[in-house]
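To start, the structure under review is shown below, and the notes come after it.
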Amino acid sequence: MKKSLSIAATLLFVLLAFGAGWIASGIGVGRRAPAASLEAREAAFIESMRNVVLEGEFTVEWPEPRPGRRADRYEIESVEKLDGNRWRFNARIVYGSVDVTAPVVVPLEWAGDFPVVVLKDAALPGVGEEFGAVVAFDGDRYAGTWDHGEVGGFMFGRIAPR
């Protein structure tokens, strides 16, 4: 009986450890790329996104346009390149009633020297599922589109030191 409980407890521990690892990889608790492997534009982006705030506005344009602009704010502690085109933004996201701090892993592409987040139907911690965005960064500015389920619009603003 004791041996069976011990085996069951060990098996449960292994399953929990596996599950924790799977969840951790999904939310971006992964290994960052070695600094020596970074391209110059990647290293410059990492440096430009250290302890900054993206302060701007967003609009709601579909399915029906809603008048006005709404404030949004993203506090970025840092960004890290992971594997391939995956990047982890260590961020605090504030918009509407949402105020969450979490590592957010997103795909990042390059348009020349401009980094562009390209996110489709993603689940973001504390924000929800079916979230998408295409956001380009240009010096101290950002702009793009967003959607959350059937609702979406435009977003834009400035990047400033925190």
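Please go through the range 118-146 and pick out each residue that is surrounded by 13 or more Cβ atoms within 10 Å (Cβ to Cβ) and in contact with an Asp or Glu (Cβ under 8 Å, 6 or more places away or on another chain). Answer for the range 118-146, where residues must be surrounded by 13 or more Cβ atoms within 10 Å (Cβ to Cβ) and in contact with an Asp or Glu (Cβ under 8 Å, 6 or more places away or on another chain): V118, A122, E130, F131, G132, A133.
Which members of the range 118-159 meet the condition of being within 17 Å of R73 (Cβ to Cβ), at pLDDT below 95 and more than 17 Å from the chain's Cα centre (by Cα)? Within the range 118-159, none qualify. When W87 is tested against (1) surrounded by fewer than 18 Cβ atoms within 10 Å (Cβ to Cβ); (2) farther than 14 Å from I159 by Cβ, just one condition goes unmet, and that condition is (1). Being part of a strand (DSSP E or B), within 20 Å of T145 (Cβ to Cβ), touching a residue at least 60 places away in the same chain (Cβ under 8 Å) and not charged (D, E, K, R): is that true of F89 here? In short, no. For the range 64-83, a tally of residues being modelled with pLDDT under 95 and hydroxyl-bearing (S, T, Y) returns 1. Taken as a whole, the structure places P103 among residues that are surrounded by 14 or more Cβ atoms within 10 Å (Cβ to Cβ), touching a residue at least 40 places away in the same chain (Cβ under 8 Å) and over 13 Å from E42 (Cβ atoms). Scanning the range 45-65 for residues that are outside any loop (DSSP other than H, G, I, E, B) and without any contact (Cβ under 8 Å) to a residue 60 or more places away in the chain, we see that the one that is surrounded by the fewest Cβ atoms within 10 Å (Cβ to Cβ) is E47. In summary, R162 fulfils each of the numbered conditions (1) touching a Leu at 6+ places or on another chain (Cβ under 8 Å); (2) within 14 Å of Y74 (Cα to Cα) with the single exception of condition (1).
The values are calculated or read from the model by the stated rules, or taken from the named source; none is laboratory data. This one's a predicted model, so the numbers in the text were calculated from it and none came from an experiment. Cβ sites come from the backbone with ideal geometry, for glycine too, and all protein chains shown count toward neighbours.
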